[in-house]
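Notes to accompany the following structure.
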Amino acid sequence: MQMSSLKVFCDLAETESFTKAAQINGVTQSAVSQQISALERQFKAMLIERSKKKFRLTREGEILYDYSKRITQTYDELQNRFQEVRDIVSGTIRVATIYSIGLHDLPPYMKKFLKGFPTVKIHVEYRRANQVYDDVLGNVVDLGLVAYPNKDPRLEVVPLRKDRMVLVCHPQHPFAKLKTVPLGALNGQKFIGFEPDIPTRKAIDRIFKEHNVTVQTVMEFDNVETVKRAVEIDAGISILPQTTIAQEVAKQTLVQLSFEGQEFHRPLAALFKKNKVLSPAMKQFLAIVKEA
């Protein structure tokens, strides 16, 4: 029995998916099945109920998962402790991020981190917010980066900075001649929004409701880049994080405006699974991201 087999078993138990367990460990689904079968032969017990219904551990499987989790966590702590003693920062960090953070906030911090720790590899995946949470909880990634973080007892949430939200319009839109706009002026305007399940969309909907503003939503998208392209063709106005439109404002393809007498901000956060053993590389990466 090897440590890797126990880790594969834990990942399988937590993701309830042979495909995801294989992805996490960089092996084939067949290899996962073989390692589980080897563990069953080792302990002379069935660990997983073989049925086409929902994935389920047997009683023996639950016992093995409980002990295996403790063993693998202790092993991770041991490895990380050795790295700290030797002043080694290496390995791979797997990050899942929503598009706006990954494309506009993360790059300068990655550049700074990799300059200081060139032996570390960072693997970044761009995901919808709900998928970021699933990936973190399923151990598919080490860290998640999201906006408007949810409270979850299974997660550690590290607050980062706050994005200022601004009104965005086409240079030929009547608003473009102004410096500030009352929120009430948005009533009846054609609006380019995010899809209803996106946290930023939910936050904007709350703002509109609190201020009795009703817009005419003409398009909905799942990422900030597509929203910007729609505003650039004058399909409507939008509300976006200021950091995500800097390039377009500089090129004068978009105009940003402040809201008269008030400001709105979008909180950003890093997530990792509770009780996760943070490697020296992850600790350093989090420290740099938090500097903002």
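Over 21 Å between Cα atoms: which of 44/273; 111/290; 69/151; 112/283; 190/251; 121/283 fall into that group? Cα-Cα > 21 Å for 44/273; 69/151; 190/251; rest within. The calculated 222 nm mean residue ellipticity attributable to helices in the chain amounts to -13000 deg cm²/dmol, summing -39500 (n - 2.57) over DSSP H runs of n ≥ 4 and dividing by all residues. Assuming charge only on the beta carbon of Lys and Arg (+1) and of Asp and Glu (-1), the dipole of the chain about its Cα centre is about 340 debye to the nearest 20. If I take every Cα pair under 8 Å that is 6 or more residues apart in the chain, average their sequence separation and divide by the length, what percent do I get for the relative contact order? Across the chain, relative contact order equals 22 percent. The phi-based Karplus calculation (6.51 cos²θ - 1.76 cosθ + 1.60; θ = phi - 60°) puts the 3J(HN,Hα) values of the range 177-188 at 7, 9, 9, 10, 9, x, 4, x, 5, 7, 4, x Hz, whole numbers, x for Gly and Pro. Among residues other than residue 92 with Cβ under 14 Å from its Cβ, the summed charge is -1 (Lys and Arg +1, Asp and Glu -1). Sorting the segments 169-178, 156-165 by their residues' average number of neighbouring beta-carbon atoms within 10 angstrom, most packed first, yields 156-165, 169-178. Note on the range 1-93: with charges restricted to the Cβ of Lys and Arg (+1) and Asp and Glu (-1), its dipole about the Cα centre is near 440 debye. Between the amide H of residue 166 and those of 240, 242, distances stay under 5 Å, these residues lying 5 or more places away or on another chain, with hydrogens modeled in the peptide plane. Measuring r between the beta carbons of residue 66 and residue 252 and using R0 = 41 Å, the FRET efficiency lands at 0.10. Spacing of the modelled spin labels on residue 42 and residue 23, each 7 Å from Cα toward Cβ, amounts to 2.6 nm. Just one of (1) 49; (2) 35; (3) 43 is percent of Cα pairs over 28 Å apart calculated from these coordinates, so which is it? Comparing each candidate, only (1) matches the computed number.
Stretched out straight at 0.36 nm per residue, the stretch from residue 207 to residue 75 would grow longer than its current Cα-Cα span by 42.8 nm.
Listed peptides 131-138, 258-265 appear in the order 131-138, 258-265 once ranked by packing, highest mean of other Cβ atoms within 10 Å at the front.
When you restrict to C-alpha pairs under 8 Å that are six or more residues apart and normalise by the size of the range 163-266, the relative contact order lands at 50 percent.
Across the range 156-173, coupling constants 3J(HN,Hα) worked out from phi with the 6.51/-1.76/1.60 Karplus curve, θ = phi - 60°, read 9, 10, 10, x, 10, 8, 10, 8, 7, 9, 10, 7, 10, 9, 6, x, 9, 6 Hz, and Gly and Pro carry x.
Proximity of backbone amide H atoms, modeled 1.01 Å from N, is registered between residue 155 and 274 at under 5 Å, excluding neighbours fewer than 5 places apart on the same chain. Over the range 163-266, what portion of Cα pair distances is larger than 21 Å, expressed as a whole percent? Beyond 21 Å sits 23 percent of the P(r) for the range 163-266.
The numbers here are math on the coordinates, done by the rules we state, and not lab data. This is a predicted model, so every value here is computed, not measured. Reconstructed Cβ throughout: ideal geometry from the backbone, glycine too, with neighbour counts over all protein chains shown.
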